[in-house]
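Read through the structure below, which is laid out as C-alpha cells, and then see the notes.
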Amino acid sequence: MRIVTSLARKEAAARPERASKSAKSKVRATKVVGTISPATVLVVDDDPSVLRSLKRLLSASGFHVTTFGGPSELLASETPRTNACMVVDIDMPEMNGIEMCEMLKGSGRGLPAILITGRTDAKTRTLAAQSDAVAVLFKPFEEEPLLDAIARAIALCS
C-alpha cells in the first residue's frame, strides 16, 4: 500500500494545481452543538502494519480513526451511529470481515463498510461480490480509491 507522507501531502497542498481532488475534499464533518467533528473510520485488520499505515493515512486526511486487531475487539466496543464507516479486512483468523459486518448489522450497529483483502481467489471474490460493501479493494491499493470509498461510505451514514 502506498502511503503519502505528511511532507508530500503538504507539498501537494502548496501546489493546488497538482493536489488531487480527493486529498482536498475527503474530510467529512458534522456540526455538533456549534463544533465540527471529524468523520470516524473504524479499521479492522489482523495485520498490525496495515493498522498503523491506515491510521497514519486516515488521520493525516482529517478523519478520527479507531483501530481494532480483530472482529472480537470491534464487536465488544461501542460504535458510532452516524458520520462513520468501517474499513475491514476480509480474511482474518477469528471470522471473516463479511461475517463481522453481518453480525454488526444484525445487532443494529451496522455501518457502511469498505472491504480490503490481499486474496484474489475465486472464493474471496465471490464473498466480496455478495456483500453489501461500498467498495472492495485488493491489497496493495492506492490511497485515492480508499479515500473516495470512505467519502461515499460516510455520505451514506451522515
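Overview of results
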| item | result |
| --- | --- |
| Where a residue in the range 102-123 is more than 18 Å from S72 (Cα to Cα) and of a type in the set (S, T, N, Q) and its partner, wherever it lies, is open to solvent by less than 50 Å² (accessible area, probe 1.4 Å) and at pLDDT 95 or above, with Cβ under 7 Å and at least six apart | T117/D89; T117/I90 |
| Filtered residue count, the range 55-104, keeping only those that are of a type in the set (G, A, S), over 23 Å from R119 (Cα atoms) and outside any helix (DSSP H, G or I) | 5 |
| Residues that are touching a helix residue (DSSP H, G or I) at 6+ places or on another chain (Cβ under 8 Å) and either within 12 Å of V88 (Cα to Cα) or surrounded by fewer than 14 Cβ atoms within 10 Å (Cβ to Cβ) (or both), drawn from the range 147-158 | I150 |
| Pairs where the first residue, in the range 56-76, is at positive phi and the second is basic (K, R), C-beta under 8 Å, 6+ apart | G62/K26 |
| Count of the range 110-136 residues which are assigned to a loop (DSSP other than H, G, I, E, B) and either open to solvent by 50 Å² or more (accessible area, probe 1.4 Å) or more than 16 Å from L42 (Cβ to Cβ) (or both) | 6 |
| Flag for L104 being open to solvent by 50 Å² or more (accessible area, probe 1.4 Å) and more than 11 Å from the chain's Cα centre (by Cα) | no |
| Matching residues, the range 17-71, being at pLDDT 95 or above and small (G, A, S) | A39, S49, S53, S59, A60, S61, G62, G69, G70 |
| Set S72, S59: member being more than 12 Å from I150 (Cβ to Cβ), touching an Asp or Glu at 6+ places or on another chain (Cβ under 7 Å) and open to solvent by 40 Å² or more (accessible area, probe 1.4 Å) | S72 |
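The values are calculated or read from the model by the stated rules, or taken from the named source; none is laboratory data. Computed from a predicted model, the values in this text were never measured in an experiment. Neighbour counts are summed over all protein chains in view; Cβ atoms, including those assigned to glycine, are modelled from backbone coordinates with ideal geometry. For accessibility, only protein heavy atoms count, side chains too; no ligands or nucleic acids. Shrake-Rupley method; radii C 1.70, N 1.55, O 1.52, S 1.80 Å.
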